[in-house]
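Take a look at the structure below.
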Amino acid sequence: MSGYRDLAPLRSEYAAKEDQIAARLAEFRRVGSRNDERLFEELCFCLLAIQTKARAADAAVKALAVDDLLWAGQPREVAAFLRPRIRFHNHKAAYIVRARERFFPPEGPKLRKSLEGLGDAKATRAWLVREIDGLGWKEASHFLRNIGRGDGLGILDRHILRNLERHGVIQRMPESLTPKRYLRIEARMESFSEDVGISMAALDLLFWSRETGEIFK
């Protein structure tokens, strides 16, 4: 563990929150066992959460579903609904509609089937990044974690990176995250996770709760 810092506070915080974190991770696994529509809602949450607070993104997905725009709205309608709620509403509306058209064709839903045929979490993530407009490495990792399929992936947003810097896992916050840099930092986080005996998914929720004051998603 050479070079790591502040491990005693980390372990103390985790001990205090371990049960809550375990319950949240169990909930993610339950979400992953549900139907294609529920999986799609979680995908939409991750698309909307880009540069938007998680609570706002979650509320927007629920409101879209209630108004049937999530399932039947066209890009212009979805964008108009999102405009007061979400940043980059036009782009995100287009991403949602394209994903819906892809995974819910007339012959029947195929999101779950697509995910189940892709191998391990890292292979699935690479496929998502290639195939879904608007989904980058962080968002694809976030989606898979939130459906119980990405426990070993790093969701490298500013909250997580700031804490990785605090604990000496990285030397400084990166100015940008190219795919190569993302994977390099993720590998360092994975080694840190193994060294401290806290899973990647649990570390993410722990770090996120430090920054936001809650264990959410």
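Numbers below:
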| item | result |
| --- | --- |
| Test: residue in region 137-147 that is crowded, with 20+ Cβ neighbours inside 10 Å, modelled with pLDDT of 95 or more, among the aromatic types (Phe, Trp, Tyr) and within 13 Å of the chain's Cα centre (by Cα) | yes |
| Hits in region 126-155 - residues which are among the small types (Gly, Ala, Ser), out of contact with any Leu (no Cβ under 7 Å at 6 or more places or on another chain) and closer than 20 Å to SER176 by Cα | ALA126, GLY136, GLY154 |
| Given (1) open to solvent by less than 70 Å² (accessible area, probe 1.4 Å); (2) modelled with pLDDT of 95 or more, index of the condition ASN35 fails | (1) |
| Residue check, LEU128 open to solvent by less than 20 Å² (accessible area, probe 1.4 Å), within 24 Å of ALA23 (Cβ to Cβ) and either in contact (Cβ under 8 Å) with a residue 24 or more places away in the chain or not basic (Lys, Arg) (or both) | no |
| Residue within region 118-125 that is within 25 Å of LYS180 (Cβ to Cβ), among the small types (Gly, Ala, Ser), in contact with a helix residue (DSSP H, G or I) (Cβ under 7 Å, 6 or more places away or on another chain) and touching a residue at least 24 places away in the same chain (Cβ under 8 Å) present | yes |
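The rows are residues; the columns are (1) in contact with a helix residue (DSSP H, G or I) (Cβ under 7 Å, 6 or more places away or on another chain); (2) hydroxyl-bearing (Ser, Thr, Tyr); (3) not in a loop (DSSP other than H, G, I, E, B).
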| residue | (1), (2), (3) |
| --- | --- |
| ARG38 | yes, no, yes |
| ARG55 | no, no, yes |
| ALA60 | yes, no, yes |
| LEU64 | yes, no, yes |
| LEU70 | yes, no, yes |
| VAL78 | yes, no, yes |
| PHE81 | yes, no, yes |
| ARG87 | no, no, no |
| ASN90 | yes, no, yes |
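The values are calculated or read from the model by the stated rules, or taken from the named source; none is laboratory data. This is a predicted model, so every value here is computed, not measured. All Cβ positions, glycine included, derive from the backbone under ideal geometry; neighbour counts span all protein chains shown. Just so you know, the surface numbers come from the protein's heavy atoms only, side chains and all, with ligands and any DNA or RNA stripped out. Shrake-Rupley method; radii C 1.70, N 1.55, O 1.52, S 1.80 Å.
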